[in-house]
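To start, the structure under review is shown below, and the notes come after it.
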Amino acid sequence: MKKQILLIAFTAVFSVLSCSKNSLEAIDSLQVEPETATMHPGDTLTLQVSMSPENASGIKTILWQSSHPQTVSVDKNGHIRALRVGSSSITAQTDGLSDSCLVIVENIPPQTGDYYYSDGSWSPELDENKTVIGIVFWCGDPGKDDPLLRQEHPDCVNGLAVAIDGDMEIPWQTGYSEYKKTVGEWIEENAPEYISILSGNGENDNMNRILGYNNTKAIERFNSAPENSAWPVEIVENTVKYRKSRKAPASSSDWYLPSLKELSILCSAEQEGNIWDLRDITSNRDIINARLTSLPGSQPLVAFPYWSSTEGDRLRAYYVNFEIGLPNFSYVKDTWYLRTRCVLAF
């Protein structure tokens, strides 16, 4: 009788052990779902893990890792957050097995008034964890008129942003009377790879094209020539100084002096026809200023004339009166009380 009881007990224990061994069967495969994901900065997602055999699920600890945690973060439960534009591989690992999800973080299409950050991203709502350096004032391909911008910054196809500060009262070129020529003439003769900064005021003239990057680089070339050291274009010298004080992301064009067209857009938004005929339109200026006034340390655009990088003639350069959105060139180049504000393409 005792032998029978012992045999029954041994059989029961063996059965339990056998069941336990089966329920703890080793994992032979692991898969992260989804395999790829496209997100925008600030988006969150929870990745799922499936294991084979099914009865192995839930009994193992999954270790999560991001290849670029500054771009996409992941916690111990597989919750990921997109932090900035780029890509990162999110890997789940256990018992020597691993699988990954490739996460691509893209910017949402920009809108006028978006905050533009030092990391090259933008957003309609302020991200307190990032540094704002500009406000988007136009959306589109800024290289459409400017072959130099297309060549040197082919990825800058999203729009234009204006700097949050840097206003300065400064002359365009104090030495213009001693120079006795236009800057545009020197560029045409000595640097023909640039489009001339000179423009008439007709609808088909360069004043109606986005050429600020070209103009600024051309004037920098003028300023760097030894024969022009006595009459530099001070407003572009100031632009170069601003680049050093407010670093722009590598994904941008860096700061430059806007053309008359860009200044007109900044104040009045893009309008049909010849910008020379515009006046009493400040709709874009008001949108941008609403953003700027919300940022500590920023400088709103004032109702005052701002210089452009577009040259009118030997005596004068074009500007836009931001009180009424009126393009003009009535002031001579050595006038001190006109202002400047940098922009960039992104």
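The values are calculated or read from the model by the stated rules, or taken from the named source; none is laboratory data. It should be emphasised that the depicted structure is a prediction, and the values quoted were computed from it without experimental measurement. Virtual Cβ from ideal backbone geometry, glycine too; neighbours counted across all protein chains shown. Note: areas computed on protein heavy atoms with side chains; ligands, DNA, RNA excluded. Shrake-Rupley method; radii C 1.70, N 1.55, O 1.52, S 1.80 Å.
Values for this structure:
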item: Single residue of GLY86, GLY113 found to be touching a helix residue (DSSP H, G or I) at 6+ places or on another chain (Cβ under 6 Å) and closer than 29 Å to CYS156 by Cβ; result: GLY113
item: Counted residues, the range 138-157 - those being open to solvent by 50 Å² or more (accessible area, probe 1.4 Å) and within 11 Å of the chain's Cα centre (by Cα); result: 2
item: Selection count where residues are at pLDDT 95 or above, open to solvent by 10 Å² or more (accessible area, probe 1.4 Å) and in contact with a Lys or Arg (Cβ under 8 Å, 6 or more places away or on another chain), scope the range 116-137; result: 1
item: Residues that are farther than 20 Å from SER253 by Cα, in a helix (DSSP H, G or I) and of a type outside the set (S, T, N, Q), drawn from the range 198-221; result: MET207
item: Unique match (being under 15 Å from ILE170 (Cβ atoms), open to solvent by 20 Å² or more (accessible area, probe 1.4 Å) and either under 20 Å from the mean Cα position of the chain (by Cα) or at pLDDT below 95 (or both)) among VAL332, VAL240; result: VAL240
item: Output for the range 214-228, where each listed residue is open to solvent by less than 10 Å² (accessible area, probe 1.4 Å), under 26 Å from the mean Cα position of the chain (by Cα) and not aliphatic (A, V, I, L, M); result: ASN214, ASN215, THR216
item: Flag if SER309 is surrounded by 15 or more Cβ atoms within 10 Å (Cβ to Cβ) and in contact with an Asp or Glu (Cβ under 6 Å, 6 or more places away or on another chain); result: no
item: Subset of the range 35-48 [closer than 14 Å to ALA92 by Cα, open to solvent by less than 70 Å² (accessible area, probe 1.4 Å) and not β-branched (Val, Ile, Thr)]; result: LEU47
item: Members of the range 69-83 found to be of a type outside the set (D, E, K, R) and surrounded by 12 or more Cβ atoms within 10 Å (Cβ to Cβ), listed by number; result: PRO69, THR71, VAL72, SER73, VAL74, GLY78, HIS79, ILE80, ALA82, LEU83
item: Which listed residue is in contact with a Lys or Arg (Cβ under 9 Å, 6 or more places away or on another chain), at pLDDT 95 or above and either within 15 Å of ALA163 (Cβ to Cβ) or open to solvent by less than 20 Å² (accessible area, probe 1.4 Å) (or both), from SER259, SER264; result: SER259
item: The one condition in (1) of a type in the set (Gly, Ala, Ser); (2) closer than 19 Å to LEU148 by Cβ; (3) touching a helix residue (DSSP H, G or I) at 6+ places or on another chain (Cβ under 6 Å) that ALA269 fails to fulfil; result: (2)
item: Hey, THR216 of a type outside the set (Gly, Ala, Ser) and either touching a Lys or Arg at 6+ places or on another chain (Cβ under 6 Å) or closer than 20 Å to PRO171 by Cα (or both) or not; result: yes
item: Residues within the range 267-295 that are open to solvent by 10 Å² or more (accessible area, probe 1.4 Å), assigned to a helix (DSSP H, G or I) and among the hydrophobic types (A, V, I, L, M, F, W, C), tallied; result: 3
item: Qualifying positions in the range 231-259 - charged (D, E, K, R) and either closer than 18 Å to LEU148 by Cα or part of a loop (DSSP other than H, G, I, E, B) (or both); result: ARG246, LYS247, ASP254
item: Residue list for the range 49-68, restricted to those being modelled with pLDDT of 95 or more and open to solvent by 70 Å² or more (accessible area, probe 1.4 Å); result: GLN65, HIS68
